Amino acid sequence: MGGRVENVGVLAMELYVPSQYVDQTELEKYNGVSPGKYTVGLGQSKMGFCSDREDIQSLCLTVLHRLIEKNNINVHDIGRLEVGTETIIDKSKSVKTFLMTLFAKEGATDIEGIDTTNACYGGTAALFNAINWVESSSWDGRKAIVVAGDIAVYGKGPARPTGGAGAVALLIGPNAPLVFDRGVRASYMAHAYDFYKPDLASEFPLVDGKLSIQCYLSALDSCYNLFCKKMRKTDPDFRGLLSLDGMLFHSPYCKLVQKSLARVCFNDFLNSPPEVREQQFPGLSKFKDYKLADTYFDRDVENAFMTYSQKLFDEKTKPSLYISRNVGNMYTPSLYGGLASYLVSKSPKELVGKKFALFSYGSGLASTMYSINICDDVSKLNGLIDSLKLSVSLLDKRESVDPAVFSDIMDLRTANYHTAPYTPTGSIDVLFPGTYYLTNIDDQRRRTYDRKV
Ligand code: ACO
């Protein structure tokens, strides 16, 4: 095989979110913070979480098995399986090797790829590996699967309401309905201690909240400007946000995403020639000499561009926030939950021919902006959208859990994080049918799973 194939992208997509959540209004009361702090201040409604019955391997098994089942995938047609996660339960053995149980039992073991880790960016890096493989001379004609999953939990304190959990699986190959643009990926990678997990005995990260926001926004500035520059090489008329139908972001919490869209507009404003600036950004000229680096926490700039961008946000970004608002930060799958939300918010007819940019950010830090084009053929899209709608509809079937019970479950996870042997006690009844769950960790720390029928 080999040679350059066309229209490489997402052929099918699956999403899994845990069956339990805590309501953010109730969490505000329970944590004794002012009403609106999580729901308005962070823009979050519900936060998904897992009991000790689920771990990173069970999440990834669940979403992968569903993708295979729903799309009748012949496992022998898969030549690459990539996992992106920052939920580390083994310093050597990859989650990918565990997922091989679904393939090896059919005799399918010629499958490249392992795990990729850098905070919330690992899923994107895994995705790029898969795309690169299909477009490379190593490609043997088979498809790739990318699984991104995480359990995002924080210790008690201001970061806890920004947790979440979930997994996505993407089937990647040529002639796809969602096609990745070539040659325009724009990355920004640097060292920062904004969010990191140096304590291997703990599930929780160390977080410098304010620095993490600054890092996120500065990475966005860099990626967006470079992305526009690369786009203009092939399309000199490219006008930034105005040339895009949608703009999707990694979502730690929805409010930061809304601020990010405002930030994109601020970038467009600074990059506009004076005559365009006056016309496109009326009343904002007083900000023309402002510098990006001085304005991460500048309230005047933020408020002015939040107001300016409200309509653009409603149109191009808000539809991507449904899962983020109702599940929380899923870490590596967060951006792809955004993609799923955006896709199910419209009919296939409305989606055809649309172009949107995606911003992936992982603390530490690694970030990229890239773009996807939706094909012109409605019939190619129908299956993907219908299947995603089914997955997303499960959000309404979840069980609400009292914040005190949620807190006890978090305490139990923390207390037993490194216990072996260990038999989990979390309810199996609450899990959705088809969910994999942990049955045991033996004295050699080997994990076994079962699947709920
Ligand atoms: N009603 C409405 N809004 C309120 C209320 C209220 N009652 N109380 C507070 N707010 C607003 C604040 O004004 C603030 O708004 P602003 O962002 O516009 O300034 C917002 O709610 C957050 O409140 P703060 O007191 O400023 O911040 P807090 O101490 O709650 O911490 C943070 C928020 C930093 C996001 C914390 O949750 C955190 O550390 N999360 C994890 C790190 C993170 O997600 N970083 C983002 C990028 S890195 C990544 O993806 C992991």
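The values are calculated or read from the model by the stated rules, or taken from the named source; none is laboratory data. Predicted, not measured: the structure shown is a model, and the values here were computed from it. Note that we place each Cβ from the backbone using ideal geometry, even for glycine, and neighbour counts take in every protein chain shown.
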What tally of residues in segment 326-356 results from selecting those that are under 24 Å from PHE238 (Cα atoms), more than 16 Å from the ligand (Cβ to nearest atom) and under 17 Å from the mean Cα position of the chain (by Cα)?
4
Output for Cβ contacts, cut-off 8 Å, separation at least six or different chains, first residue farther than 25 Å from ILE56 by Cα in segment 200-213, second acidic (Asp, Glu) and near the ligand (Cβ under 9 Å from one of its atoms), reads LEU211/ASP194
Helices (runs of 4 or more DSSP H) wholly inside segment 193-283 that include at least 3 residues being in contact with a Gly (Cβ under 9 Å, 6 or more places away or on another chain)
209-234, 254-271
Selection from segment 287-325 of residues that are over 14 Å from TYR342 (Cβ atoms), hydrophobic (A, V, I, L, M, F, W, C) and either surrounded by 13 or more Cβ atoms within 10 Å (Cβ to Cβ) or within 23 Å of the chain's Cα centre (by Cα) (or both)
PHE287, LEU292, VAL301, ALA304, PHE305, MET306, LEU312
Between TYR224, TYR216, which is of a type in the set (Ser, Thr, Tyr) and more than 15 Å from the ligand (Cβ to nearest atom)?
TYR224
Anything in segment 9-61 that is assigned to a loop (DSSP other than H, G, I, E, B) and within 20 Å of the chain's Cα centre (by Cα)? List them, or say none.
VAL17, PRO18, SER19, LEU42, GLY43, GLN44, SER45, CYS50, GLU54, ASP55
Here is a list of conditions, (1) in contact with a Lys or Arg (Cβ under 9 Å, 6 or more places away or on another chain); (2) surrounded by fewer than 23 Cβ atoms within 10 Å (Cβ to Cβ), and GLU14 meets all of them except one; can you say which number that is?
(2)
Subset of segment 247-283, residues more than 16 Å from the ligand (Cβ to nearest atom), buried (at least 19 other Cβ atoms within 10 Å of the Cβ) and without any contact (Cβ under 8 Å) to a residue 40 or more places away in the chain, comes to ASP268, PHE269, PHE281
Does LYS70 count as within 23 Å of ILE441 (Cα to Cα), at pLDDT 95 or above and either surrounded by 16 or more Cβ atoms within 10 Å (Cβ to Cβ) or more than 16 Å from the ligand (Cβ to nearest atom) (or both)?
no
Of (1) among the charged types (D, E, K, R); (2) over 23 Å from the mean Cα position of the chain (by Cα); (3) under 18 Å from TYR154 (Cβ atoms), ARG232 satisfies every one except (3)
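Let's see how each residue does on (1) within 11 Å of ARG53 (Cα to Cα); (2) of a type outside the set (Val, Ile, Thr); (3) modelled with pLDDT of 95 or more:
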| position | (1), (2), (3) |
| --- | --- |
| SER400 | no, yes, yes |
| TYR417 | no, yes, no |
| PRO421 | no, yes, yes |
| LEU431 | yes, yes, yes |
| TYR449 | yes, yes, yes |
Odd one out for SER367 among (1) buried (at least 21 other Cβ atoms within 10 Å of the Cβ); (2) touching a Cys at 6+ places or on another chain (Cβ under 8 Å); (3) over 22 Å from GLY122 (Cβ atoms):
(3)
Given the conditions (1) surrounded by fewer than 17 Cβ atoms within 10 Å (Cβ to Cβ); (2) more than 16 Å from the ligand (Cβ to nearest atom), which single one is not true for LEU206?
(2)
Determine which single condition HIS191 fails, assuming it passes every other condition in (1) out of contact with any helix residue (DSSP H, G or I) (no Cβ under 9 Å at 6 or more places or on another chain); (2) more than 16 Å from the ligand (Cβ to nearest atom); (3) not aliphatic (A, V, I, L, M).
(2)
